[in-house]
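Trainee: Below you'll find the structure I mean.
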Amino acid sequence: MAFVEPVTLRARGVRLEPLALAHAQGLSVAAADGELWKLRITSVPEPQDTHAYIETALEGRAQGHRFAFAVVEDASGQVLGSTSYHDILPAVRRVEIGYTWYRQSVQRTHVNTTAKLLMMGHAFDQLGCHVVGWRTDNFNFASQRAIERLGAKKDGVIRGHALRRDGTIRDTVMYSMRTGEWPEARAQLLYLLERHAQD
């Protein structure tokens with residue numbers, strides 16, 4: 001039995017469902033919204049490459065180290081982007097959350113906070129994880145701020161860690177949250193979402 005079993009998570013008009021080849025067209029449209037693949041510090045696929053992107057994610061799922069979701073607007077079924085559990089380590093009950101990107105038109109909305117709250121809740125409360133981790137490019141300052149807003153703690157920087165899409169070598173900033181930190185982080189995220197709903 002896989003550590004992460006297929007599941008659909010939903011809240012506040014956002015639905016996370018297991019990524020499938022049926023999402024290829026919607027993911028292509030989402031990637032084109034803002035030409036996100038042109039950002040050198042992200043892994044967003046070019047619109048014509050979304051089918052291969054999904055196949056790679058499904059291969060990771062079959063191997064047990066990645067479980068990708070499509071992020072969908074619940075009411076319309078519009079694909080907003082994608083996010084994943086990755087570097088899944090059942091023996092130590094740890095997952096990381098990453099491969100996250102959204103169409104430009106829903107960035108800086110409640111979508112990312114809602115999706116992260118759903119995934120963190122599932123990881124800590126259903127999967128029984130001891131640690132949830134994140135990693136990001138040392139030059140992706142927006143991602144670092146977003147991770148820190150979740151309540152994650154910065155673990156450090158792995159220098160010369162990975163290739164970017166343009167062939168340069170990046171340093172990777174690592175973050176994590178332990179299970180004892182989750183209740184306070186959840187309360188803060190719910191507070192932020194309530195404030196956003198009132199604006």
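The values are calculated or read from the model by the stated rules, or taken from the named source; none is laboratory data. These figures come from a predicted structure and were not determined experimentally. Glycine gets a Cβ as well: all are built from the backbone with ideal geometry, and neighbour counts include every protein chain shown. Protein only, heavy atoms only, side chains kept; ligands, DNA and RNA dropped before computing areas. Shrake-Rupley method; radii C 1.70, N 1.55, O 1.52, S 1.80 Å.
Trainee: What pairs come out if I take residues in the stretch 118-129 that are in contact (Cβ under 8 Å) with a residue 40 or more places away in the chain and pair them with residues that are assigned to a helix (DSSP H, G or I) and among the hydrophobic types (A, V, I, L, M, F, W, C) whose C-beta lies under 6 Å away, six or more apart or interchain?
Mentor: Pairs that qualify, where the first residue is in contact (Cβ under 8 Å) with a residue 40 or more places away in the chain and the partner is assigned to a helix (DSSP H, G or I) and among the hydrophobic types (A, V, I, L, M, F, W, C), are Phe124/Trp182; Cys129/Ala123.
Trainee: Assuming Glu73 fulfils every condition listed in (1) farther than 24 Å from Gly128 by Cα; (2) open to solvent by less than 60 Å² (accessible area, probe 1.4 Å) apart from one, which condition is it?
Mentor: (2)
Trainee: If a residue must be in a helix (DSSP H, G or I) and surrounded by 17 or more Cβ atoms within 10 Å (Cβ to Cβ), how many such residues does the stretch 85-122 contain?
Mentor: So the count comes out to 12.
Trainee: What tally of residues in the stretch 51-84 results from selecting those that are assigned to a strand (DSSP E or B) and over 20 Å from Thr113 (Cβ atoms)?
Mentor: So the answer is 2.
Trainee: Then there is this: List the number of the failed condition for Ile147; all other conditions in (1) more than 28 Å from Ser28 (Cα to Cα); (2) aliphatic (A, V, I, L, M); (3) without any contact (Cβ under 8 Å) to a residue 60 or more places away in the chain hold.
Mentor: (1)
Trainee: So, Ala24, is that one open to solvent by less than 40 Å² (accessible area, probe 1.4 Å), modelled with pLDDT of 95 or more and over 20 Å from Ser105 (Cβ atoms) or not?
Mentor: no
Trainee: Could you tell me whether Asp137 is within 22 Å of Phe69 (Cα to Cα), open to solvent by less than 20 Å² (accessible area, probe 1.4 Å) and of a type in the set (D, E, K, R)?
Mentor: Yes; evaluated as a whole, the condition is true for this residue.
Trainee: If Thr136 satisfies all but one of (1) farther than 22 Å from Glu17 by Cβ; (2) touching a Phe, Trp or Tyr at 6+ places or on another chain (Cβ under 9 Å); (3) assigned to a helix (DSSP H, G or I), what's the number of the condition it fails?
Mentor: The one condition Thr136 does not meet is (3).
Trainee: Now a separate question. Please determine, by comparing only the residues of the stretch 1-50 that are polar (S, T, N, Q) and not in a loop (DSSP other than H, G, I, E, B), which one is nearest to Leu127 (Cα to Cα).
Mentor: Thr50
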